[in-house]
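These notes concern the structure reproduced below.
The values are calculated or read from the model by the stated rules, or taken from the named source; none is laboratory data. Predicted model only: the values in this text are computed from it and were never measured. Note that each Cβ is placed from the backbone with ideal geometry, even for glycine, and that neighbours are counted across all protein chains shown.
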């Protein structure tokens with residue numbers, strides 16, 4: 001069972017937490033290696049828990065930055081906008 005399909009319980013009331021956002025990037029897009037989390041919320045008491053996102057990241061073949069598969073590489077996007085004057 002992986003970290004997303006594993007049942008997680010609320011530490012406050014014991015109810016099952018619901019996945020609200022998968023592989024959310026913490027921090028600015030300017031950070032080459034942002035930390036990614038899965039966000040869970042309790043439907044009963046509204047408590048929020050963050051868990052490290054695992055296995056949902058891909059490595060950019062151009063710059064080597066890790067990012068969620070559903071997002072474009074932030075470093076390469078900035079390099080496109082800034083004409084190659086950022087990162088690497």
* **Enumerated strands (runs of 3 or more DSSP E) restricted to the stretch 21-88, each holding at least 2 residues that are under 26 Å from residue 7 (Cα atoms), touching a strand residue (DSSP E or B) at 6+ places or on another chain (Cβ under 6 Å) and at pLDDT 75 or above** => 35-41, 48-52
* Asked: Looking at (1) in a strand (DSSP E or B); (2) at pLDDT 90 or above, which is the only condition residue 13 fails?
  -> (1)
* Restricting attention to the stretch 7-19, which residues are surrounded by 13 or more Cβ atoms within 10 Å (Cβ to Cβ) and touching a residue at least 12 places away in the same chain (Cβ under 8 Å)? -> 8, 10, 15, 17, 19
